[in-house]
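See structure below.
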Amino acid sequence: MTARPLFQTAAQLREACRTGRWHQPTAGQAPGFVQTNLVVVPRDVAFEFLLFCQRNPKPCPLIEVCEPGDPVPRRTAPGADLRTDLPRYRIYRCGELEREVTEITEYWTDDLVAFLIGCSFTFDHLLAARGIAVRHLECGCNVPMFRTSVPCEPAGRFSGPLVVSMRPLSPGDLIRAVQVTAAYPQLHGAPVHVGDPTAIGITDLSRPDWGDPVPVRTGEIPVFWACGVTPQAVALASKLPLMITHAPGHMFVTDLREAELLAG
């Protein structure tokens, strides 16, 4: 059975991150609030990244873009601070992961532009509420994420592979899960692949590139959603001079409710 969330609201979770009390993955926390991936890039490549998101809306559905130098997401969480209000961050430089940190105040400059990208963690509780087993919530761990052999459409200096998250489902649950998630295109929408992982270049489900492995039980089908960790794979592949992101699974939680993103 899925454990009761420790934090019921986004504000509670952000305050715990800001004060150093929470550095764990955010899966299952603040149910009903929209979780987002964070990407921060210098202003001189921000337009190229905006184009990358536009050309790759499944892995990079934009929720908000902040003004240069402004760490406050004024549309989605006024009063929050993107430098401190996530559990963990990653610093990428020139195609290498430089550090993982719990705040980025020392890295922040006036020319940085922050992007918030929709996250499938938001719909996990919608699946669970419909009786659909969400394995990483059951196991109390991070969702497994995999680099695929599917290329994203490039934009300027941004190019690289699609990353997916995986949830094993029974055949009956699969149909309902597609129906639920397809209604939320800003949270990655419907799955991008169902079944044979080797068809998208994944050779071993027990060894995710990010996150934690989860069991796929007899009769279950691996189901793959586009994932907002894709920009991190792009940062590595493109050898960008600087990209700051969330640590995979350690999301920024906004004040938006998932109903606000329901497709009309």
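The values are calculated or read from the model by the stated rules, or taken from the named source; none is laboratory data. In this text the structure is predicted, and so the values were computed from the model without any measurement. Ideal geometry is used to build each Cβ from the backbone, glycine not excepted, and the neighbour counts take in all protein chains shown.
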So, first residue closer than 18 Å to M251 by Cβ in region 172-193, second residue polar (S, T, N, Q) and outside any loop (DSSP other than H, G, I, E, B), Cβ within less than 7 Å, six or more apart or across chains; the pairs are L187/T122; G189/T181
With criteria (1) of a type in the set (D, E, K, R); (2) at pLDDT 95 or above; (3) out of contact with any Phe, Trp or Tyr (no Cβ under 7 Å at 6 or more places or on another chain), E138 comes up short on (2)
Scanning region 90-108 residue by residue, those surrounded by 15 or more Cβ atoms within 10 Å (Cβ to Cβ), more than 21 Å from Q24 (Cα to Cα) and of a type in the set (D, E, K, R) turn out to be R93
Counted residues in region 214-264 being surrounded by fewer than 18 Cβ atoms within 10 Å (Cβ to Cβ), closer than 27 Å to D173 by Cβ and among the aliphatic types (A, V, I, L, M) come to 4
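Would you pick out the residues in region 167-205 that are crowded, with 18+ Cβ neighbours inside 10 Å and not in a loop (DSSP other than H, G, I, E, B)? Show your work before the answer.
From region 167-205, those crowded, with 18+ Cβ neighbours inside 10 Å are 167-169, 173-174, 177, 181, 184, 186-193, 197, 200, 202; that's our starting set.
Those that are crowded, with 18+ Cβ neighbours inside 10 Å and not in a loop (DSSP other than H, G, I, E, B): R167, P168, L169, D173, L174, A177, T181, Q186, L187, H193, P197, I200.
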- prompt: Is region 33-55 home to any residue that is touching a residue at least 40 places away in the same chain (Cβ under 8 Å) and part of a loop (DSSP other than H, G, I, E, B)?
  reply: no
Note on region 250-264: residues over 17 Å from R99 (Cβ atoms) and assigned to a loop (DSSP other than H, G, I, E, B) are M251, L262, A263, G264
Of the residues in region 56-69, those that are in a loop (DSSP other than H, G, I, E, B) and either closer than 17 Å to S238 by Cβ or under 16 Å from the mean Cα position of the chain (by Cα) (or both) come to N56, P57, K58, P59, C60, P61
The residue from D85, D124 that alone is within 13 Å of Q35 (Cα to Cα) and in contact with a Lys or Arg (Cβ under 7 Å, 6 or more places away or on another chain) is D85
- Query: Is at least one residue of region 143-153 in contact (Cβ under 8 Å) with a residue 60 or more places away in the chain, more than 22 Å from Q8 (Cβ to Cβ), part of a strand (DSSP E or B) and in contact with a Cys (Cβ under 7 Å, 6 or more places away or on another chain)?
  - Reply: yes
Note on region 76-104: residues without any contact (Cβ under 8 Å) to a residue 12 or more places away in the chain and either farther than 21 Å from T122 by Cβ or among the charged types (D, E, K, R) (or both) are E98, R99
